[in-house]
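S.K.: Structure below; questions to follow.
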């Protein structure tokens with residue numbers, strides 16, 4: 001094929017591509033995809049969440065506000081706010097709901 005790359009198909013995940021059992025030499029995975037707004041979504045983030053961030057994220061998934069999370073974890077609501085900001089940054093999330101959605105998709109938490 002003169003060094004050209006032939007695209008055999010596009011799949012939403014690596015697992016879906018592997019399940020297709022295509023006879024290919026390689027599978028390429030994009031770092032993210034464009035969403036309806038045309039911006040990159042679901043990029044691969046390398047920095048893992050800390051155990052405390054996972055705890056905060058689980059309570060976010062329950063729909064608790066910062067003060068309730070602070071009470072459950074016995075930390076200040078400012079510390080919760082810091083953790084929420086860090087979680088959003090690490091996951092590339094726009095808000096609390098988006099952070100939970102992304103965490104579920106990545107298998108970090110279950111609902």
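Readers should treat all values here as calculations from the given coordinates under stated rules, not as data from a laboratory. The structure displayed is predicted, hence computed values, not measured ones. All Cβ positions, even for glycine, are placed from backbone atoms using ideal geometry, and neighbour counts span all protein chains on display.
S.K.: How large is the convex hull of the C-alpha atoms of the stretch 51-105 per residue, in Å³?
M.R.: Numbers: hull volume 3.6 nm³, N = 55.
Convex hull volume per residue, Cα atoms: 65 Å³.
S.K.: Please give the FRET efficiency for residue 52 paired with residue 94, using the beta carbon to beta carbon distance and R0 = 25 Å, rounded to the nearest 0.05. Before the final figure, lay out each step's value.
M.R.: Values: r = 22 Å, r/R0 = 0.88.
So the FRET efficiency works out to roughly 0.70.
S.K.: Given R₀ = 25 Å, FRET efficiency for residue 72-residue 15 by Cβ-Cβ distance, to 0.05?
M.R.: Working: r = 34 Å, r/R0 = 1.37.
For residue 72 and residue 15, the calculated efficiency is 0.15.
S.K.: Using 0.36 nm per residue, how much length does the chain from residue 23 to residue 62 gain when fully extended, once their Cα-Cα distance is taken away?
M.R.: Working: separation 39, 0.36 × 39 = 14.04 nm, distance 4.36 nm.
Full-extension gain reported as 9.7 nm.
S.K.: Now for a different question. How far, in nm, would the chain grow between residue 82 and residue 106 when pulled straight, counting 0.36 nm per residue and subtracting the alpha carbon separation? Don't skip to the end; give the middle numbers.
M.R.: Details: separation 24, 0.36 × 24 = 8.64 nm, distance 2.16 nm.
Value of the extension gain: 6.5 nm.
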